[in-house]
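See below for the structure under consideration.
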Amino acid sequence: MRRATIPTIVLLATVILGCGPRETPEQHLQRIRNAHEITPLGYTTIHGEDGAPVTVVDLRIVDRSDEALQHLTVMVRLVGPDGRIKAEKRATLDLDGARPGVGIQTAARIPGMEAGPDDQIQVELETAVPDDLLHTFPEWKDLASGNVS
């Protein structure tokens with residue numbers, strides 16, 4: 001019987017240990033989401049025919065991953081001049097046609113949010129979204145249906 005040499009054993013151990021655990025679908029989506037850079041460019045509040053306010057936030061998005069998402073959910077906060085959060089809502093951005101590495105300009109529409117002239121808008125890409133909440137995002141449905149490229 002032939003004995004395995006020490007270098008062979010070390011090589012096998014390195015290959016087996018180097019593989020590590022596989023990335024879950026949730027981790028995969030979190031990694032792609034976290035690769036997006038978001039820059040708010042400006043905002044305005046408009047009123048619909050019914051008089052209800054809608055704040056429109058102009059955004060620049062750059063995808064630094066190697067996979068394109070069709071949607072991206074962000075948290076939008078309205079902060080008053082005193083620094084207090086007046087409102088916060090999630091908004092889903094349509095990234096259809098965006099390509100990794102290329103910036104796009106898009107807008108988030110937030111119904112029911114009215115921003116005054118002295119208010120500030122903050123847009124945050126939540127980085128540690130719990131799985132149960134992540135499963136409600138449109139980008140999760142895109143991933144599950146194979147619409148992530």
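The values are calculated or read from the model by the stated rules, or taken from the named source; none is laboratory data. Predicted model, so just to flag it, every value in this text is computed and none were measured. Here the Cβ positions follow ideal geometry from the backbone for every residue, glycine too, while neighbour counts run over all protein chains shown.
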_If a residue must be closer than 18 Å to Glu126 by Cβ and touching a residue at least 12 places away in the same chain (Cβ under 8 Å), how many such residues does region 19-48 contain?_
15
*Check Asp58, Asp96 and return the single one that is assigned to a loop (DSSP other than H, G, I, E, B) and under 17 Å from the mean Cα position of the chain (by Cα).*
Asp96
*asked:* Need the failing condition index for Gln27 against (1) in contact with a Phe, Trp or Tyr (Cβ under 8 Å, 6 or more places away or on another chain); (2) over 30 Å from Asp119 (Cα atoms), just the number.
replied: (1)
*Within region 117-134, restricting attention to residues that are without any contact (Cβ under 8 Å) to a residue 12 or more places away in the chain and assigned to a loop (DSSP other than H, G, I, E, B), which residue is surrounded by the most Cβ atoms within 10 Å (Cβ to Cβ)?*
Pro130
*Please name all residue pairs, on different chains or six or more residues apart, with Cβ atoms under 7 Å, provided the first residue is in region 88-110 and is touching a residue at least 24 places away in the same chain (Cβ under 8 Å) and among the basic types (Lys, Arg) and the second residue is surrounded by 15 or more Cβ atoms within 10 Å (Cβ to Cβ) and assigned to a loop (DSSP other than H, G, I, E, B).*
Lys89/Met113; Arg99/Ala68
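Is it true that some residue in region 62-75 is of a type in the set (Val, Ile, Thr), over 12 Å from Arg33 (Cα atoms) and either modelled with pLDDT of 95 or more or surrounded by fewer than 13 Cβ atoms within 10 Å (Cβ to Cβ) (or both)?
no
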_region 99-116 - residue that is touching a Ser or Thr at 6+ places or on another chain (Cβ under 6 Å) and outside any strand (DSSP E or B) and, of those, farthest from Met75 (Cα to Cα)_ = Pro100
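Examine region 103-123 for a residue that is within 21 Å of His28 (Cβ to Cβ), of a type outside the set (S, T, N, Q) and touching an Asp or Glu at 6+ places or on another chain (Cβ under 9 Å), and state whether such a residue exists. So that I can check it myself, show each step before the final result.
If we filter region 103-123 for residues that are within 21 Å of His28 (Cβ to Cβ), which is where we start, we get none.
Checking region 103-123: not a single residue is within 21 Å of His28 (Cβ to Cβ), of a type outside the set (S, T, N, Q) and touching an Asp or Glu at 6+ places or on another chain (Cβ under 9 Å).
Can you pull out every residue in region 79-109 that is more than 23 Å from Ala35 (Cβ to Cβ), basic (Lys, Arg) and loosely packed, with under 14 Cβ neighbours inside 10 Å?
At the first step, the residues of region 79-109 found to be more than 23 Å from Ala35 (Cβ to Cβ) are 79-89, 109.
Remaining after also requiring basic (Lys, Arg): 84, 86, 89, 109.
Across region 79-109, the qualifying residue is only Arg84.
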*Leading residue by the ranking (modelled with the lowest pLDDT) among those in region 1-51 that are surrounded by 12 or more Cβ atoms within 10 Å (Cβ to Cβ) and hydrophobic (A, V, I, L, M, F, W, C)*: Leu11
*Please list, ordered by first then second residue, the pairs with beta carbon atoms under 9 Å, 6 or more apart or interchain, first in region 49-69 and in contact (Cβ under 8 Å) with a residue 40 or more places away in the chain, second of a type in the set (Lys, Arg) and part of a strand (DSSP E or B).*
Val54/Arg109; Thr55/Arg109; Val56/Arg109; Val57/Arg109
